[in-house]
Amino acid sequence: MKKLSNIILLLITIVSCHSNLTTKTSNSNKKTTIDSLTIGYKYTFKSKLLNENRPIIISLPKKYSTSNANYPVLYLTDGMQNIWHTIGTIEVLTRTGNIPPLIVVGIESTNRKRDFTFTNSDNNPESGGGLTFLSFIESELIPHIETNYRVNSFRVLEGHSLGGLFTASVLMEKPNLFDAYIMMSPSFWWNKEEATEKAKLFFKANPDIEKKLFFGIGTYESGTKWGMRKELTNFIDAIKENQPKKLQFEHKEMEKEGHMSSPLLSTYYGLKYTFSDMLFTDEIYDNYTDEKFLKHENFIMTKYGKEAKQSAEEYLGLAFNLINKEKYSNAITILKRSVEAYDFDINIRMILASTYEKNNDIKKAIATYKKAVNLPLKYKLSREKEIRKHIIRLENN
């Protein structure tokens, strides 16, 4: 990573220590090592366009330092407020194969009404600075991120409340800047719902736009015939009136959630929807061929980076379906990909070896068991004796 003179590095940690510490326990002489759990790094970015020092939080995928993969980027408004639940959500969704690993760029707010509104309001004299804030993101922040980090071309913008209004405004002002937009409880009431009026013209004028949009809101935020839920529905209706063929969107209400609690679920469902094309299609399940499977895997890795993968459960479910049909060669194709994606998983390697044996490929079964034996001790789950018995059995047959 390049070192820039205008960046000051501050480490954000979940616990108070910034390095490994050693301390004595209260009832023994044993020492305990306390490791800091880092969720990201906080920078002070000197913006010429904003004429201010803007706090930026960068959170990198777990394997960033040990891989050479390129990653999609999530740009998150109200960064300090939203970074905690967003990183936790991403960890769960990445681990379960619903989304690829992401770089997260949290942009801290210094004046929300100024930055998130594109027009001035008589009641808010500082408002209307949204275009300048957008220029900062486009001309300063994105180039910095793409120069200093390994990113691929897929970008997502997410915002809550006035940040949701800003996100929708960016879609209509610079539709090609991001590939997907997550709008949480957007403040479409601003200036008498002017964003909705603009949307009516925008979607009619852009019939070929190809984006994914997610809109989330809590049912406790208003009634259905007034307030923010109604204003969001009005915006959705503006999309439906002239919906471009390649535009995809989802509108979801979070049951019994209010304005400040709904972003947790909106982020969860919004990210799942944004990356929903990662999941296996019905065609792969119903009419499986190796060609279809590998084409899909290559597609998600090309679009979202080579760390993109299904959950281990998805791979195994598809493989076992084929094993039950005695289509061992097809199952092996899936299991080999699964071992590649989860190279630490002893169980997947054992299943692959067993499937090689069922397919009468004893040499590859033995080789796979031997690779399992050579996994680090922490991954073998005390199964080394079991694995060696399989090797001896197959070598003696």
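Structure values in brief
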item	result
Which numbered condition residue 322 fails, given (1) outside the structural domain of residue 87 (by TED's automatic domain parsing); (2) within 27 Å of the chain's Cα centre (by Cα); (3) crowded, with 19+ Cβ neighbours inside 10 Å; (4) not basic (Lys, Arg)	(2)
Cross-chain or 6+ apart pairs with Cβ under 7 Å, the stretch 41-69 first and at positive phi, then in a strand (DSSP E or B) and surrounded by 18 or more Cβ atoms within 10 Å (Cβ to Cβ)	none
Odd one out for residue 141 among (1) touching a residue at least 24 places away in the same chain (Cβ under 8 Å); (2) farther than 23 Å from residue 58 by Cβ	(2)
Filtered residues of the stretch 325-348 (kept if under 26 Å from the mean Cα position of the chain (by Cα), modelled with pLDDT of 95 or more, closer than 15 Å to residue 369 by Cα and not charged (D, E, K, R))	335, 339, 348
Only listed residue being under 15 Å from residue 118 (Cβ atoms) and basic (Lys, Arg), chosen from 192, 204	192
Qualifying position, being at negative phi, crowded, with 16+ Cβ neighbours inside 10 Å and in a strand (DSSP E or B), among 239, 182	182
Any pair with Cβ under 6 angstrom, 6 or more apart, that starts in the stretch 231-256 at a residue that is at pLDDT 95 or above and ends at one that is β-branched (Val, Ile, Thr) and not in a helix (DSSP H, G or I)	232/217; 244/209; 247/209; 253/217; 253/219; 255/219
Odd one out for residue 127, checked against (1) more than 29 Å from residue 272 (Cβ to Cβ); (2) polar (S, T, N, Q); (3) in a helix (DSSP H, G or I)	(3)
Candidates 132, 196 - the one that is crowded, with 20+ Cβ neighbours inside 10 Å and modelled with pLDDT of 95 or more	196
All positions within the stretch 189-212 that are farther than 22 Å from residue 155 by Cβ and acidic (Asp, Glu)	193, 194, 197
Selection within the stretch 274-319 - under 27 Å from the mean Cα position of the chain (by Cα), surrounded by fewer than 18 Cβ atoms within 10 Å (Cβ to Cβ), hydroxyl-bearing (Ser, Thr, Tyr) and not in a helix (DSSP H, G or I)	281
Yes/no for residue 67 being at pLDDT below 95, over 21 Å from residue 188 (Cβ atoms) and within 18 Å of the chain's Cα centre (by Cα)	yes
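Condition check ((1) small (Gly, Ala, Ser); (2) under 28 Å from residue 304 (Cα atoms); (3) surrounded by 15 or more Cβ atoms within 10 Å (Cβ to Cβ)) across all residues:
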residue	(1), (2), (3)
99	no, yes, yes
103	no, yes, yes
108	no, yes, yes
126	no, no, no
140	no, yes, yes
148	no, yes, no
156	no, yes, yes
166	no, yes, yes
172	no, yes, yes
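The values are calculated or read from the model by the stated rules, or taken from the named source; none is laboratory data. Just so you know, these numbers come straight off a predicted model, no measurement behind them. Glycine gets a Cβ as well: all are built from the backbone with ideal geometry, and neighbour counts include every protein chain shown.
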